[in-house]
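Engineer: Submitted below is the structure of interest, expressed as structure tokens.
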């Protein structure tokens, strides 16, 4: 058994693994205007590079989650972070759209198991009474990575060039691996290894459960919005708002501050609701309903005439997403056994990734031929739809 202090140390490292995961993937989107110009790419060409990442990331969400449940978080994350850090370093050597797409493909393959593994560790190593807080901490790591990526990338690129920015994030991955190995010193392998007599359920068994199928369908609906905000907002600010790279770096962190705050607050809030006698599903779904009712603000991003208001509306959407995703992941931990958490998170991520791939192939041509307005409109309606799917026919209890 892990001591409470050791559990929270490991949970903190899970927080940083999620931060690195989202930092590394965000570097390209921040540098997209510069790289697109240097390689002579269209938005459609850029969408194909994004597709390469989403394709491998999606596949490894489902298979990587399965591997994490088999290997355990300790070994599984060691392999995942090492692999994607090498892939991040490879970006420094790309020569055009094709090699950039290949590097993105391998980055996605390494990052796929990361979030399922981090959520699994939080569920297994932290007291269930603090599950919302633990998962909120882990998911806030993803927010932190997204938050610091723009200013850090712009600063690093200004000193080392855009290739140096990719090399720098790879170095951070190596530092995390050293800290991860040291955190387990003196701890028996059996303390964090998966139990041999509690094998993960089969995919068929999990997919046979209606509540799991609702989780999959809901994520198919809402994940494309986060993919859009992750990969396309810098290009939107450059193309339709006329901002330079330094200006983008100075502003784009603001919505991710809102996301970070929401991640931390949402998990604690749902734990408090449970402590006051609410059922876990009621606590999670009530907070998710509040989040869903905030997301239509996204549509007005495309309609406002000022960049400052547009950034503020993006912050509203990201704040809502933070409440939503923290409680969605916690709901998964409440729904399935801990031995199935990484597999289930991976399955939901696979569904969201498929939707993300399809949406990214649509976004590029829509932007090239029209504008970003239809994309913002779509992002305003999918969370309420996803909430209705999750709620099903049963009232909240």
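Engineer: Does residue 273 count as buried (at least 17 other Cβ atoms within 10 Å of the Cβ), part of a helix (DSSP H, G or I), free of Cβ contacts under 8 Å to residues at least 24 places away in the same chain and touching a helix residue (DSSP H, G or I) at 6+ places or on another chain (Cβ under 9 Å)?
Structural biologist: For residue 273, the condition - buried (at least 17 other Cβ atoms within 10 Å of the Cβ), part of a helix (DSSP H, G or I), free of Cβ contacts under 8 Å to residues at least 24 places away in the same chain and touching a helix residue (DSSP H, G or I) at 6+ places or on another chain (Cβ under 9 Å) - is met.
Engineer: How many residues does region 345-396 hold that are touching a helix residue (DSSP H, G or I) at 6+ places or on another chain (Cβ under 7 Å), part of a helix (DSSP H, G or I) and under 30 Å from residue 333 (Cβ atoms)?
Structural biologist: So the count comes out to 25.
Engineer: Which residues, counting only those in region 187-208, are part of a loop (DSSP other than H, G, I, E, B) and modelled with pLDDT under 80?
Structural biologist: Across region 187-208, the qualifying residues are 187, 188, 192, 193, 194, 195, 196, 197, 198, 199, 200.
Engineer: Which one is nearest to the chain's Cα centre (by Cα), of the residues in region 106-151 that are within 17 Å of residue 167 (Cα to Cα) and modelled with pLDDT of 90 or more?
Structural biologist: 111
Engineer: Further question on the same structure: How about region 220-246: which of its residues are over 21 Å from residue 44 (Cβ atoms), modelled with pLDDT of 85 or more and assigned to a helix (DSSP H, G or I)?
Structural biologist: Selection gives 220, 221, 222, 223, 226.
Engineer: Just to be sure before I move on: is residue 95 surrounded by fewer than 17 Cβ atoms within 10 Å (Cβ to Cβ) and outside any helix (DSSP H, G or I) in the structure I sent?
Structural biologist: yes
Engineer: I'd like to verify a number: residues in region 279-315 that are buried (at least 17 other Cβ atoms within 10 Å of the Cβ) and not in a helix (DSSP H, G or I), how many?
Structural biologist: 1
Engineer: (1) touching a residue at least 40 places away in the same chain (Cβ under 8 Å); (2) within 29 Å of residue 129 (Cα to Cα): which one isn't true of residue 208, the others all being true?
Structural biologist: Against the list (1) touching a residue at least 40 places away in the same chain (Cβ under 8 Å); (2) within 29 Å of residue 129 (Cα to Cα), residue 208 comes up short only on (1).
Engineer: Let me ask something else. Is one or more of the residues making up region 154-162 at pLDDT below 90 and crowded, with 17+ Cβ neighbours inside 10 Å? Quick ask: steps written out before the conclusion?
Structural biologist: Our first condition is that a residue be at pLDDT below 90; within region 154-162, this holds for 154.
Those still in the list that are crowded, with 17+ Cβ neighbours inside 10 Å too: 154.
Yes.
Engineer: Got at least one residue in region 180-192 being within 21 Å of residue 141 (Cβ to Cβ) and free of Cβ contacts under 8 Å to residues at least 24 places away in the same chain?
Structural biologist: Yes: one or more hits.
Engineer: Return only the number of the condition from (1) more than 15 Å from the chain's Cα centre (by Cα); (2) farther than 13 Å from residue 352 by Cα; (3) touching a residue at least 24 places away in the same chain (Cβ under 8 Å) that residue 229 does not satisfy.
Structural biologist: (1)
Results for (1) more than 16 Å from residue 214 (Cα to Cα); (2) touching a residue at least 60 places away in the same chain (Cβ under 8 Å); (3) under 17 Å from the mean Cα position of the chain (by Cα); (4) surrounded by fewer than 18 Cβ atoms within 10 Å (Cβ to Cβ), shown as yes or no for each residue.
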{"position": "317", "(1), (2), (3), (4)": "yes, yes, yes, no"}
{"position": "337", "(1), (2), (3), (4)": "yes, yes, no, yes"}
{"position": "371", "(1), (2), (3), (4)": "yes, yes, no, yes"}
{"position": "376", "(1), (2), (3), (4)": "yes, yes, no, no"}
{"position": "380", "(1), (2), (3), (4)": "yes, yes, no, no"}
{"position": "385", "(1), (2), (3), (4)": "no, yes, no, yes"}
{"position": "391", "(1), (2), (3), (4)": "no, yes, no, yes"}
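Engineer: Can you give me the number of residues within region 37-50 that are crowded, with 19+ Cβ neighbours inside 10 Å and free of Cβ contacts under 8 Å to residues at least 60 places away in the same chain?
Structural biologist: Residues in region 37-50 being crowded, with 19+ Cβ neighbours inside 10 Å and free of Cβ contacts under 8 Å to residues at least 60 places away in the same chain: 1 in total.
Engineer: When you scan region 108-133, how many residues do you find that are under 19 Å from residue 65 (Cα atoms) and crowded, with 24+ Cβ neighbours inside 10 Å? Walk me through how you get there before you give the answer.
Structural biologist: Quick first cut of region 108-133, residues under 19 Å from residue 65 (Cα atoms) only: 108-125.
Next, only the ones that are crowded, with 24+ Cβ neighbours inside 10 Å stay: 108, 110-123.
Qualifying residue count, region 108-133: 15.
The values are calculated or read from the model by the stated rules, or taken from the named source; none is laboratory data. Quick caveat, the model's predicted, so the values are computed rather than measured. FYI the Cβ positions are ideal-geometry reconstructions off the backbone, even for glycines, and counts take in every protein chain you see.
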